[in-house]
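Accompanying notes for the structure given below.
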Amino acid sequence: MSDADPGRITVLMCPDYTDSNPYQSELIAALDDREVDVTPVDSNGALPLLSAVRANGVPDVFHIHWLHRFVITNRRFPAPLALLLGVRLCLELVVLRVLGARLVWTVHNLLDHERAAPRSERLVRGAVARLVDRLVVHCEAAGRSVADAYRLPDRVADRIRVVDHGNFAGVYESDVSESTARERLGLPPDVPVLCFFGLIRPYKNVPRLAETFKSIPKDARLLVVGNPWNDDIERRVRAASAGDDRIHTVLQYVPADEIQLYMRAADAVVLPFDSVLTSGSAILAMTFGRAVIAPSMGCLPRLIAPDGGLLYDPWDPEGLRTALDRALDDRERLVEMGRRNEEAARRWDWDEIAERTRDAYALNVSGGREVE
């Protein structure tokens with residue numbers, strides 16, 4: 001426990017994404033109301049975890065997010081480098097355990113989405129899973145996937161805890177009507193509008209989305225909104241979208257106060273990912289009361305369910321096209337799906353999520369590890 005206040009738990013949370021991802025910011029604020037003091041720290045330096053401890057002191061809990069930041073690089077020979085960086089990470093975790101810190105890892109994805117060194121990364125993740133005291137996932141299906149992907153024995157799989165991903169209510173401005181949003185974006189008021197929104201990375205299949213939409217000859221619009229990951233993906237998106245004036249591209253960073261324009265203008269948000277465990281983009285769309293079209297993968301079936309959107313088989317070559325075609329045929333149904341999603345998103349309250357996260361930290365009164 002903290003020397004300053006023995007009633008509070010101290011946590012170092014790494015890496016620090018609070019400037020770009022409200023998930024961490026909302027979780028930290030809610031934990032503060034549960035007598036948990038969280039300090040977000042960056043993953044820099046030769047020994048990133050231990051450098052954070054040196055600067056901030058030994059915490060009761062060291063909470064890791066987005067593990068790929070510690071092992072995946074853009075340098076040559078990514079696979080051997082991932083193994084070397086993984087050894088460093090595991091050694092740091094061992095030292096943290098010796099120092100008395102409890103180790104918690106929220107598994108947001110099974111592997112880095114770009115798959116630079118999948119075999120090496122999987123080995124590292126399996127080793128880390130065996131070293132930490134708790135693994136946090138956002139749904140039961142994710143827990144099963146984690147246990148299978150990292151080949152966890154039962155004694156390790158038993159450390160997995162399910163804590164929902166919170167909603168984004170109140171995070172972004174939400175005072176613009178659908179009609180106003182469409183007028184400002186130059187969209188017709190009476191046709192179905194689909195939207196992809198978010199950072200455009202290769203695994204999100206945005207070029208395929210544009211090409212698939214172009215193959216459906218219906219009076220509809222597609223918004224492709226987000227900052228491309230690199231020049232290559234930007235060129236691919238532009239090429240796939242060219243020649244169809246029904247597709248509107250906004251390939252740039254969107255300020256927080258403008259997000260509502262695209263959410264309100266759309267009838268449904270399309271997330272044609274080729275891999276996903278949990279999705280903040282889906283929860284953002286649901287928070288704004290929008291239907292979701294996505295592959296039946298990871299936590300998405302639990303989030304969206306049959307009445308919150310259209311899930312398709314990711315292994316079916318025609319799955320995405322069929323889902324888009326069905327969505328564009330029944331705009332009223334999309335509206336009803338959106339209403340259901342908004343109601344569902346309200347249940348993912350950060351106060352309850354903070355309470356369950358605190359339970360995952362599970363310190364006993366002396367600050368040591370609980371008996372399992």
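Read the figures in this text as sums done on the coordinates, not as results from a lab. This is a predicted model, so every value here is computed, not measured. Positions of Cβ are backbone-derived with ideal geometry, glycine not excepted, and every protein chain shown enters the neighbour counts.
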Give me the distance between the Cα centres of segment 27-80 and segment 267-329, rounded to whole Å.
31
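Span-like helices, the chain: DSSP H, alpha-carbon axial extent 30 Å or more, mean Kyte-Doolittle 0.0 or greater, which ones? Mind showing how you got there, number by number?
On the way: long enough: 78-99 (31 Å, 1.86).
Once both thresholds are applied, what remains is 78-99.
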Under a Cβ-Cβ limit of 4.7 Å, which cysteines in the chain have nobody to pair with?
Cys14, Cys90, Cys195
Listing Ser20, Ser279, Ser145 by rising number of other beta-carbon atoms within 10 angstrom, fewest first, gives Ser20, Ser145, Ser279
Only loop residues by DSSP count here, and only those with at most 15 other Cβ atoms within 10 Å; note down the GluC sites (Glu not before Pro) in segment 229-332 that meet that.
Glu318
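Counting only C-alpha contacts under 8 Å and six or more residues apart, can you give the relative contact order of the chain as a whole percent? Could you put the intermediate results ahead of the total?
On the way: 669 pairs, mean separation 57.2, N = 372.
Reported as a whole number, the value is 15 percent.
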Quick check on the exposure proxy: order Trp105, Trp66 from fewest to most C-beta atoms within 10 angstrom.
Trp66, Trp105
Along principal axes, largest first, the alpha-carbon spread of the chain in whole Å comes out as 64, 45, 35
Here segment 308-316 yields Karplus 3J(HN,Hα) values (6.51, -1.76, 1.60; θ = phi - 60°; whole Hz; Gly and Pro given as x) of x, x, 10, 9, 10, 6, x, 8, 8
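Could you list Phe70, Phe288 in order of exposure, starting from the residue whose Cβ has the fewest other Cβ atoms within 10 Å? Present the calculation step by step, with values, prior to reporting the outcome.
Values: Phe70 20, Phe288 24.
So the ranking, lowest neighbour count to highest, is Phe70, Phe288.
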At 0.36 nm per residue, and after removing the present C-alpha to C-alpha distance, how many nm does the segment from Val98 to Arg122 gain when stretched out fully?
6.1 nm
Give me the three principal axis extents of segment 178-346 from the C-alpha atoms, as integers in angstrom, largest value leading.
37, 37, 32
In whole µm²/s, the translational diffusion coefficient that Stokes-Einstein assigns to segment 1-158, given a Kirkwood hydrodynamic radius over C-alpha pairs, 4 °C and 1.567 mPa s, equals 80
Computed E for Glu183/Arg155 - FRET, C-beta separation, R0 45 angstrom, nearest 0.05:
0.15
